[in-house]
Amino acid sequence: MGDLFAEIRKQHIEDYGSKFEEWAPRILVDQYSDRTHFIYELIQNAEDAGATYLTFNLYPDRLVLCHNGKPFTEADIRGICGIRSTKDEPDSGKIGRFGIGFKSVYAYTKTPAIYSGQYAFRIQNLILPYAENNISSEGNTVLILPFDGNVNADVANCDIEIALRKYISSDVLFALHNIKKIGCKVYPTEEEWTIVKQSNPLSEFVDHIHIIEEPYNEEKELLVFHTTDSQPILIGYSLAEAEDGKKYVIPANQHYLYVFFPTSVETHLSFYIHAPFSTTPARDNVRHNESTKFFQNS
């Protein structure tokens, strides 16, 4: 393993230069208007790895993520330490694995550590991996983000707690295919909440989806129509139950376009819609094209 990490360090210094960490943050980190954007990136990576669940544990000095997706490969290490995505071909169904998006974590940390399968390493200067002693992760992938970056640890902790409460809600699971459960726990109070998605196929093109947020007893029930290609388009109608037990459609209380995650693009529609458009780096907007014009003018 040490030889692999040394090889990657040598190659990256040759490719990017020894002063990479001095100029790279301006391009790779500072481009995000919301520095807590990295939470979506971490969820995206777990989704692309085929994870069915993931957890966030927020401590005063670090954030720890754990998921049950497929273990890291050498290609994943090269991708997460590089500035090119290891995303497959456009029709692969993946949101975009590692590469530039992961660099958003460096708003809060200088030395993220990853424990996955046979690999255990930390990353320094954004691109240089170093071997770590492995930990018992029970077959999961564990990512540790110590708050040792340019943001004070107390500020980092506060920022991320606010972001977790905002992002880890019932809306986050609507357009994800693999992940069915996300849990959050905040220390030292040990307050925790969990989002669970239950999906029941009604036909080849229609699913009944039930999303539950515990322990707050918040529920969302949707009838979702979808295409069958690798990157499907989803249209979801909110459901409610009448006194006689029958279900009926009600206007959705979320009117923003999904591109895997909610964006700031207003659809002016009364239902949920997801489409695999190309987004800006912060995922909050869709790149300017005819699709964007459609939603802005609809």
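The values are calculated or read from the model by the stated rules, or taken from the named source; none is laboratory data. These numbers come from a predicted model, not from an experiment. Positions of Cβ are backbone-derived with ideal geometry, glycine not excepted, and every protein chain shown enters the neighbour counts. We work out accessible area using only protein heavy atoms, side chains counted, and drop any ligands, DNA or RNA first. Shrake-Rupley method; radii C 1.70, N 1.55, O 1.52, S 1.80 Å.
Annotations for the structure displayed:
- Any chance residue 135 is in contact with a strand residue (DSSP E or B) (Cβ under 9 Å, 6 or more places away or on another chain) and modelled with pLDDT of 95 or more: no
To keep it simple, each residue is scored yes or no on (1) modelled with pLDDT under 85; (2) under 19 Å from the mean Cα position of the chain (by Cα); (3) on the phi > 0 side of the Ramachandran plot.
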{"residue": "208", "(1), (2), (3)": "no, no, no"}
{"residue": "224", "(1), (2), (3)": "no, no, no"}
{"residue": "231", "(1), (2), (3)": "no, yes, no"}
{"residue": "239", "(1), (2), (3)": "no, no, no"}
{"residue": "244", "(1), (2), (3)": "no, no, no"}
{"residue": "263", "(1), (2), (3)": "no, yes, no"}
{"residue": "274", "(1), (2), (3)": "no, yes, no"}
{"residue": "277", "(1), (2), (3)": "no, yes, no"}
{"residue": "290", "(1), (2), (3)": "yes, no, no"}
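- Pairs where the first residue, in region 186-215, is in contact (Cβ under 8 Å) with a residue 60 or more places away in the chain and the second is open to solvent by less than 60 Å² (accessible area, probe 1.4 Å) and among the hydroxyl-bearing types (Ser, Thr, Tyr), C-beta under 6 Å, 6+ apart: 187/59
- Index of the failed condition, residue 114 passing every other in (1) modelled with pLDDT of 95 or more; (2) in contact with a helix residue (DSSP H, G or I) (Cβ under 8 Å, 6 or more places away or on another chain); (3) farther than 20 Å from residue 3 by Cα; (4) open to solvent by less than 50 Å² (accessible area, probe 1.4 Å): (3)
- Within region 234-278, the residues that satisfy the criterion of being part of a loop (DSSP other than H, G, I, E, B) and loosely packed, with under 15 Cβ neighbours inside 10 Å are 242, 243, 244, 245, 246, 251, 253, 268, 270, 278.
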